[in-house]
1. Against the longest principal axis of the chain, how steep is helix 96-105, in degrees 0 to 90 to the nearest 10, with axes from Cα atoms?
2. Quick one: helix 25-35 against the long Cα principal axis of the chain, what's the angle to the nearest 10°, folded into 0 to 90?
3. What order do you get for 102, 136 when you list them from fewest to most C-beta neighbours inside 10 Å?
4. Within 10 Å of each residue's Cβ, count the other Cβ atoms and sort 120, 99 from fewest upward.
5. Work out Dmax and Rg for the chain from the C-alpha atoms and quote the Rg first, both in angstrom.
6. Where does each of 150-158, 61-69 land if you order them by average Cβ count within 10 Å, highest first?
7. Using a Förster radius of 22 Å, what is the FRET efficiency between residue 77 and residue 53 based on their Cβ-Cβ separation? Nearest 0.05, please.
8. At 0.36 nm per residue, minus the direct Cα-Cα distance, what do residue 69 and residue 97 gain on full extension? Give it in nm, one decimal, please.
Ligand code: HEC
């Protein structure tokens, strides 16, 4: 009896563990504005008064270089660890969910013009949080999507994590 119960429970437990927290962009925006704008700027471009006083300029989230390699996971880790050598503290004081909210939000700066009623991004948050913008673009080009749809998908994926 106990064994049979396990047969049913085990997949349920595994499923529960693998379903990820899907971040809230809205909450991420608020948290970003409270914690990050002083250095990284409201628009995410890093052009702040504070920037001139730091050893190294804060990252601009609009920098095309960032598209190549930067992932939400990377942003999450940077917040968790901090970059103390350049004056960015650790944000472990924020909960994991809050850090994920911000990590997702910093990927929305490039395009906030697309407003969709019923967004259906073709990649789940769990997949996209490990991918840079360039990797997402490459994936959809390989799938044969026309160029405007590729960019639309990127924006959907970043702005409406699901
Ligand atoms: C006191 C200023 C300051 C604050 C506040 C700050 N940062 Fe930074 N941040 C920096 C600087 C400076 C760098 C550049 C680090 C480098 O180039 O090595 C940086 C780098 C980063 C990076 C890139 C790290 C890497 O290694 O690639 C991310 C992501 C980041 N910040 C996110 C955030 C987020 C999100 C917040 C708010 C929760 C935040 N930062 C708050 C100054 C700050």
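Nothing in this text is a laboratory measurement; each read-out follows from the coordinates by a stated rule. This structure is a prediction, so every number in the text was calculated from the model and none was measured. Cβ atoms come from the backbone with ideal geometry, glycine included; neighbour counts cover every protein chain shown.
1. 60 degrees
2. Taking the Cα atoms of the chain, the angle to 25-35 is about 40 degrees.
3. On the way: 102 26, 136 23.
Ascending number of Cβ neighbours within 10 Å: 136, 102.
4. Values: 120 9, 99 23.
With the fewest neighbours first, 120, 99 line up as 120, 99.
5. Rg, Dmax (Cα atoms, Å): 18.3, 68.
6. Details: 150-158: 20.6, 61-69: 14.7.
In descending order of packing, they fall as 150-158, 61-69.
7. Details: r = 25 Å, r/R0 = 1.14.
Calculated value: 0.30.
8. Length difference between fully extended and current span is 7.8 nm.
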